[in-house]
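**Student:** Below you will find the structure I want to go over with you.
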Amino acid sequence: MKTTMKILAAAVSMGVALSSGAAAIAQAQPAGSISELLNRVRADVREASQENQQRLNEFQSSRNQQQALLNQARGELASLERRADQLTAEFEANQVRIDELADVLRQRQGAFGEVFGTARQVAGEFAAIIDGSIISAQYPGRAGALDALATSNVLPTREELDFIPRRVIEEMIYQQSVTTFQSRVLGINDGQPVSVTRVGPFVAFSSDGAERFALWSQDDATGEWRLADLARQPDAQFIGGASTLAGADAGEIVMGVVDPSRGPLLEIYKDVPNLQERIDQSGNVGLVIIGLLIGAGAFGLFRIFQLFMTMGAVGGQKRSPNKPKKGNPLGRVMLAYESAKGGDVETVELKLDNAILQETPKLEFGLNFLKLAAGIAPLLGLLGTVTGMIKTFTQITLFGTGDPKVMAGGISEALMTTVLGLIAAIPLLFIHSFAASFARGVQQVLEEQAAGIVARHAEESNG
């Protein structure tokens, strides 16, 4: 009985290893006897053997099919290699034939070959000129025939050769005209067509009321030529010339704008610094000079206004000598005489001199500051010049003199601070001169009136 159980256990283990149906056996109903269990195991073993045999047959069949596909691919490869060899031979034969025909063509062309080569070269060069001409904005596509002739490998026809002188004559005619046409300008009117006035091949500008110069340039990305708004417009005088030209009648001779370089001169305006950029180039010293000019200038103008009003008040007091007022220097001097009127001449003279001396600091208030500011401004400019040159020499030491742009920053600071210092000093000198002149005028009036008062008092005392 024990031996039978061992055999049964070994059979069960073998059945589990050979078939995945052991899980189904575990899920089935329990066997009623050992014989039934053994029969189930044998049945599972048979099924597993059949499945394995079926898989083996399928694998062998697939291997045979793959071998057939491999043989087919090898056959196609051999066929293609033979075809490639055949095409290579044909290519070489055709190349030899082409070389032979080219020799025949050169022999038959003779001197005409050089003529046609020159024609192609001229066509290519003039096509480039036409593409770069602003006239092509009004008449696009003029260089197409010339480009085809320049790149052609066959003998040009008479009609194709006629394109060269025809385009030359057209370009000459268009260059002498001033005309207005509709065209798109990149950066103006959202790309919609606007009126553009063209002055020969030299310059073009939009003429829809707000004249703006446009450049005929080539797009770096697409290589397409198009009109584009000038990034920074030139000075107002050039804009005014463009407006005058746009509004002129046919046949009228007016002063206009012409760029003989056909664009580069206008284009460099984007690199010309404006007032704000020039001030920025002057650095901190330039800002100090500007601050000094604004502060001292405002104070000087205020003092000129005060002295002017004081002169008016003194003039009014002169016309009313019997009614002295404290609101003006002459009135205060007259009141000082009234307080010393009963004394002798020397006492009166001393009182009046003391009153004038008290008025003098009020009249001269701020004049020394204006004079000092006018003297300091050029010195600050000189300081900026020195610091700018120090930066320039430092950059030369570090980077050499190969690139002038490296030194441009220091030189700009050196020159702009000098300019700003002179610009600040000149008006401050004028302001100081006017203020000092007004102050001296008031002082002279006070001294004249004081001398007259002393003289009258002396006459009254002697009378």
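The values are calculated or read from the model by the stated rules, or taken from the named source; none is laboratory data. None of these values were measured; they are calculated from a predicted model. Here Cβ is always computed from backbone atoms with ideal geometry, including for glycine, and neighbour counts include all displayed protein chains.
**Student:** Would you point out which residue out of GLU359, GLU364, GLU349 is of a type in the set (D, E, K, R) and within 26 Å of LEU293 (Cα to Cα)?
**Tutor:** On inspection, the qualifying residue turns out to be GLU364.
**Student:** How about the range 183-199: which of its residues are free of Cβ contacts under 8 Å to residues at least 60 places away in the same chain and touching a helix residue (DSSP H, G or I) at 6+ places or on another chain (Cβ under 9 Å)?
**Tutor:** Within the range 183-199, SER183, ARG184, VAL185, SER195, VAL196, THR197, VAL199 qualify.
**Student:** Before we move on, is LYS362 among the charged types (D, E, K, R), closer than 18 Å to ILE279 by Cα and in the same structural domain as ALA436 (by TED's automatic domain parsing)?
**Tutor:** No.
**Student:** Still on this model: Take the residues in the range 151-187 that are in a loop (DSSP other than H, G, I, E, B) and modelled with pLDDT under 85; name whichever of them is surrounded by the most Cβ atoms within 10 Å (Cβ to Cβ).
**Tutor:** Top of the filtered list is PRO156.
**Student:** Now for a different question. Free of Cβ contacts under 8 Å to residues at least 24 places away in the same chain and farther than 22 Å from ASP190 by Cβ: is that true of THR222 in this structure?
**Tutor:** Criteria not met by THR222.
**Student:** Given the conditions (1) more than 32 Å from the chain's Cα centre (by Cα); (2) assigned by TED's automatic domain parsing to the domain that holds LEU215, report the number of the one that GLU159 does not fulfil.
**Tutor:** Checking GLU159 against (1) more than 32 Å from the chain's Cα centre (by Cα); (2) assigned by TED's automatic domain parsing to the domain that holds LEU215, the one that fails is (2).
**Student:** Given the options ALA137, ALA123, name the one that is touching a Ser or Thr at 6+ places or on another chain (Cβ under 6 Å), within 30 Å of ARG184 (Cα to Cα) and touching a residue at least 40 places away in the same chain (Cβ under 8 Å).
**Tutor:** None of the others qualify; the one that does is ALA137.
**Student:** Any residue in the range 110-129 that is within 18 Å of GLY200 (Cα to Cα), out of contact with any helix residue (DSSP H, G or I) (no Cβ under 8 Å at 6 or more places or on another chain) and surrounded by 11 or more Cβ atoms within 10 Å (Cβ to Cβ)?
**Tutor:** The answer is yes; a qualifying residue exists.
**Student:** Among the residues that make up the range 425-433, is at least one of them of a type in the set (Gly, Ala, Ser) and under 17 Å from VAL285 (Cβ atoms)?
**Tutor:** yes
**Student:** Out of curiosity, is ASP147 of a type in the set (Asp, Glu) and within 30 Å of the chain's Cα centre (by Cα)?
**Tutor:** When the stated conditions are applied, ASP147 does not pass them.
**Student:** Please indicate, with yes or no, whether at least one residue in the range 426-433 is in contact (Cβ under 8 Å) with a residue 24 or more places away in the chain and within 15 Å of GLY388 (Cβ to Cβ).
**Tutor:** No, every residue in the range 426-433 fails to be in contact (Cβ under 8 Å) with a residue 24 or more places away in the chain and within 15 Å of GLY388 (Cβ to Cβ).
**Student:** Have a look at LEU105, LEU146 and point out the one that is modelled with pLDDT of 80 or more and over 19 Å from ARG226 (Cα atoms).
**Tutor:** On inspection, the qualifying residue turns out to be LEU146.
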